[in-house]
Structures are given as structure tokens and as C-alpha cells.
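To start, the structure itself, in C-alpha cells.
FYI, it's all coordinate maths here, none of it is from the lab. Computed from a prediction, not measured in an experiment: that's the story for all the values here. Here the Cβ positions follow ideal geometry from the backbone for every residue, glycine too, while neighbour counts run over all protein chains shown.
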Amino acid sequence: MSGKIVILPGDPDDNNRDYLPEAIKDSKLVVNENGNNSQVYPERLKEYKEKIIGDQEDTWYEYVPASYDGSRKVPLVVGMHGGLMTGWGQAIYTSWTLVADREGFIVLFPSAGLRKFWIVDCEADKLDIAASPREDGIYINMPPEQPEDNHDMNVILELIERMKQKYAIDEGRVYMQGMSMGNMMTSQIVRYYGHLFAGKAGSGGPSSPGLLFDRNDEVINRGGPLAVWQTRLEHDITPPHFEGDTEYVVRRNREYWQRINGCRSLPELKVIGEDNFAFYKGEQADMVFRDVKNRDHGQTFDDAQLVWDYLFSGSRRTEDGRIVHDASISPRKGDDFNIVLMAGCDRAYVNNRLVTMSGPAIKRQKLKYHGLNGDSIVRGEYLCVPVSFIAEVYGDGAGVRADHEGQSAELTLRDGRTLQFARGSIGCVVDNTVQAMLCEAVYVDGELYAPIQWVSQRLLNLTASTCEDVLYITDHYAELSKNMAHLIRDEIFG
């Protein structure tokens, strides 16, 4: 590390509701919209305008940290803005310039021109949407038939070459990251020219599956493997022409790079706070999937920091074209302790390894029904698992001591405390004291079940987070997100 990150105080402008207020440029104004936070306009961010390709004038921004002196080669990051934004907008809405100050790399922020929309590929049956004017009268330019004729891609590739001539750039450490339409453009560029980069990352704006797979479900790709990072947002709604099936789009975008990079084994999972990570090892290159709990479309302010520390900092392309993963600043490693369960499944993911339980996890509802004239109210839903599994993951190794034909069971925790459960009782005897659980123990198919969430939280001070019938237990604050729950359902237990 060559420098220190310093966030400068800004002047909040909470009354400004413009998408990218022009008043921010060259000012100390900052805005915050549901977590999409901006920083003070960086003093070292320089604007350039020139006719790069043809007669159209293009604009771009360069950020060179104070530590750069040209004495050694440094990485280059290309930051791609979203639709209706600008290169300087991507600079202030991310932490790329701050991480560049710390690490000493250079950042290029291209702009999409007066359109403020990148020229992206479009499926044949979506061309009418691409050619239609928006309410503000702006047309999204029609994509050319051949990628070699795409003005925006050609400008970006030419700018990268100019950066290599202007600065001491490590050609094996060129990366690209984009947000929303910038993510779509990033994905498009590396599908054609991925061999020029060591890694790509993006937040929001997944690509249409029809651009990724042909009618025979084969991947459409000319660029080859590279280190890949995908950030999704739990409440994000993909563009309208995806017809609302966000789960399908997210899954197919992930599957696309799993195939190209040769990610064949199950991922290691890490949930810390609202950040949900799945780390994939690939035969050709690694991949990271990140979903952010309780976030809408956009990018988190620390997304750049996470991309760099977990992936880009340790990924490079060798002279013979291979992707090599050295030690990154933050290791791509799952939680040291986790238990993942899903209703109806007899398997569990324990410390990132699949194990089989003696019976499937079952969802049990706590009902209020007295005084409701036959009606009922659900006051809670909890996953119950065989007591034998609780003894396996939390016990002292002695197993379960059963009584009453298996309808009563006792086990000893690793710390020496004894627990006794009985069919139909919400009470658990803990070291000869009675404690009420979240729901009663049940007897199913010869197995006694108890709520593992209660044991984990109440007795062991662990975190247990549930989303869409998936339960994630770990030893620190964690909030399981929707897209991660889908990943677990499809890839871990599917």
C-alpha cells in the first residue's frame, strides 16, 4: 500500500432529486439516495475531450494518485458509468479514486457522450425497444451488426492503449468495472475482448441471457476466461425487457461465467452484515458473486474497495495469456463457521461442506388460534432439524441419549451444558432449568426434531438469518439475502 484513504467532508444536498446533479461537478456537494452515496469531487480528477474515433468528440476522465511517479508499472482500472450518468459521475459514486490513493493504481472513467447511454448489443426481438425514444426524447443508439463497428467499444479500447502509452501501465493488470448499463457494457467488452483484461466486475445491470447463450444453450464468447465479480442488489429490478424474471436473469449471468471460467465445484459462502458472498474456484479463473441485502439498483460506495481487495488485487494475466490468482488483500474464503439449511432438504452445508442429516429440515409455524373463532395467526416460522444433527454440530461427541421410544432426547453441548427435548413440548431443560423455545419439539418419521435457530441464538449467541426457507447460521452479524438464498437453493441443495 502506498497511501492512506481519506474521505473529505462534503456539503449534503438532500433536497436535490436529480439523478446526477450537475452542481456536484467541481464542488463539495454530496448526495445520498438509499445508500448510493457520492464523495466530494476529487481534486486530481482531470477531464479530457477529443475526437478519438471519427468526427464525434468524446469525453473521459483520468485519475492519477499523488504517489504515481512513473518509476514502476501500476495497474489500470476502467470505471464505466451507468445510463444517464458520466465518467465523473462514476468517479464520485464509487470509492475507486480512494482505493487508487491507497494502492497507487490509475483509473480511467470514460463518458458515453451526449447520449449518456452506452451502445450495447441487443437481441433481435428487442431492437424495437432500443430504437424507441425515451420520454425525454433521447434515443438509445442502435447497436451495429459487427462489434468492430461499435463506436463506444472502439473508443474505450483506444483510450486504454493511450493510457498505456502515457503512463507506466502493467499490461497484465488491466481491469474494468461498471454499474448498471456500465456493467452491461463491461460484460459486452470482455465477451469480445476479454483477453485484454485480467478481471471484470459490475454491479446491477446484468446482461440479457439471449446475448450470453445461443439456441443450443452454448455460451457466446470470443474473449475467453478472466477473473469475474458480480454484485447484485436484493431489491434490484432488471430492465423491463427481461419481463420481470430477475431470478432467471441473475442465475443465467452467473452460470455464463461459471462455464467459461471452469467453476465446477461448490462455492464457499461468506455472509458478513448485509454482504453475501459466494467464492468460486475456477479451472481457468475465479469468480465472486455478491448480493447485498436490502439494497435497490445501483452500487454500494464500498463496491470498488471490495472488488479490489478480494479479487483484482490478486489477479493478473500472464504474457502467455493465462489468468493467475496470487494472494489478494482479502482472501476469497468462506466463513470459518457456518451452517446452511433449507426446508424440505435432508442435506446441510456445514463449514462449506455438504453433509447429510437423518431427516429433512421441516418448517414449523407458531400459531395463535385461541379466541379467533377457528381462525389462526402465524406468529413465527422456524426450521426444525433432527436432534441428532444438533448433537452432531454442537454436541460433545457423545451423541443423543433417547428415551420413550425416541420421543424424548438428551444431549450435551461442548461446553458441558445438557439439553433435554420432548415431543410436543416448547420447553427445553437446560442444566435442570426450563426454558421456552421458539416452537415445540415434534416427532416425525421416528425422529425427534427441535428448532435449531433457538439453540443457536439463545444458547450459543450465534446469528441465525432466514430468507425464503433458507437458514444461515454463523458466529457473527449476518443477514441472508434473497439472491444468495436462490443460489443456495439451486447450487448447494439443487
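Each label point was placed 7 Å from the Cα along the Cα-to-Cβ direction; for Gln435 and Lys4 their separation is 4.6 nm. Checking every one of the chymotrypsin sites (Phe, Trp or Tyr not before Pro) in region 442-494 against DSSP loop status and a limit of 11 other Cβ atoms within 10 Å picks out Tyr477. Summed over qualifying helices (DSSP H, 4 residues or more, each -39500 (n - 2.57)) and divided by its residue number, the chain shows a 222 nm mean residue ellipticity of -5000 deg cm²/dmol.
With viscosity set to 1.306 mPa s at 10 °C, what whole-number translational diffusion coefficient in µm²/s follows for region 340-475 from Stokes-Einstein and a Kirkwood radius over Cα pairs?
104 µm²/s
Residues of region 252-293 falling in the label zone of Arg322, defined by backbone nitrogen less than 12 Å from a point 7 Å along Cα to beta-carbon, are 284-285. With 0.36 nm allotted per residue and the present C-alpha distance subtracted, the Ile220-Lys49 stretch has 58.1 nm of extension available.
With neighbour counts taken as other beta-carbon atoms within 10 Å, the residues Arg423, Arg17, Arg322 rank, fewest first, as Arg17, Arg322, Arg423.
Report the trypsin sites (Lys or Arg not before Pro) located in region 232-304 that are in a DSSP loop and have at most 13 other Cβ atoms inside 10 Å of their Cβ, or state none.
Qualifying residues, ordered by number: Arg264.
Working from Cα pairs under 8 Å separated by at least six residues, relative contact order for region 10-113 is 27 percent. Note on the chain: Kirkwood radius taken over Cα pairs, Stokes-Einstein applied at 4 °C and 1.567 mPa s, translational D equal to 52 µm² s⁻¹.
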